[in-house]
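First up is the structure itself, then whatever we jot down about it.
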Amino acid sequence: MAPSLTAVGLKITIVNNGPYQVTGGVPLVRDTIGADKAGNSVDWVAGAGPDVRPAYVLCRCGQSQTKPFCDGSHARIGFDGSETASRAPYDEQAGVMEGPAMALTDAEALCAFARFCDRDGNVWNNVSKVAAEPARTAFVHQVGQCPSGRLRALDAATGAAEEPALDPSVALVADPAQGVAGPIWVRGGIEIVGADGVAYEVRNRVTLCRCGASKNKPFCDGSHASDEVRFQE
């Protein structure tokens, strides 16, 4: 079920060509993409945390020497943090694939390359095969593992979104199967405000770029795992 309200008092504010200012006591944790021997993303593995502080500032340029926290490197390197992501609501960005029991919405630009969607024949193939339990529950679970919220499962009969229940928090993602550090995973309806002072649509799960290379800032586009970046913390 999707959260109906913004996480009151919790906020991430984007500094112009600078870091993410996190306020309101948002818990900071570390989560790892758990993979099987074949390298398929299987489950989320909880790591250290929560680290609860009234406020903290997270690096956005990828060059801080005190990652995940900002040390001012963005000013030294002349970081261009221009926000190029669409401000359109998710429903306007996403396409829809219909199945007998479930539908799948997909806003491809939000992909953070976590690869849970590729497991078990991939969700785009599976939506047409989901007709009853236990396939329905498995499908909803797999779609809900997508950290960016690029994918969303809908009940075909009612149109209601089947979102995972996520407590408000910020997770630093590790991706050992790719040998890189991943994005900042924002969960539970935390407000994100752009450098222009305008808030983005509040969503249950989004991923923010922290390597500095995304072409869809402030959101992650998977650049952290590219050959050109190979982002490490």
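Couple of notes before you dig in:
- Long pairs among 11/67; 11/129; 129/217; 67/215, criterion Cα-Cα beyond 28 Å: 11/129; 129/217
- Cα shape, the range 90-155, gyration tensor, a/c 1.5 rule: oblate
- Inter-label distance, nm, simple model (7 Å from Cα along the C-beta direction), residue 195/residue 120: 4.1 nm
- Remark: the Cα gyration tensor places the range 114-233 in the oblate category, a/c being 1.5 or greater and a/b not exceeding b/c.
- Whole-Å distance, taken between Cα centres, linking the range 67-140 and the range 175-233: 12 Å
- Positive minus negative residues near residue 121 (Lys, Arg vs Asp, Glu; Cβ under 14 Å): +1
- Using alpha-carbon coordinates, inclination of helix 135-144 to the longest axis of the chain, degrees: 10 degrees
- Cα gyration tensor shape of the range 20-74, rounded if a/c is under 1.5, else prolate or oblate by comparing a/b with b/c: oblate
- Across the range 61-85, the residues whose backbone nitrogen lies under 15 Å from the label position 7 Å along the beta-carbon direction of residue 51 are 64-72.
- Only one of [x] 1.05; [y] 0.96; [z] 0.98 was calculated from the structure for Rg/Rh (Cα atoms, Kirkwood Rh), and its label is [y].
- Database remark: amide H of residue 7 closer than 5 angstrom to the amide H of 190, 191 (H placed geometrically; neighbours at sequence offset of 5 or more, or on other chains; Pro and chain starts carry no H).
We did not get these values from a lab; they are worked out from the coordinates using the rules stated. Everything numeric in this text was worked out from a predicted model, so none of it was measured. For neighbour counting, all protein chains shown are included, and Cβ atoms are generated from backbone atoms with ideal geometry for every residue, glycine included.
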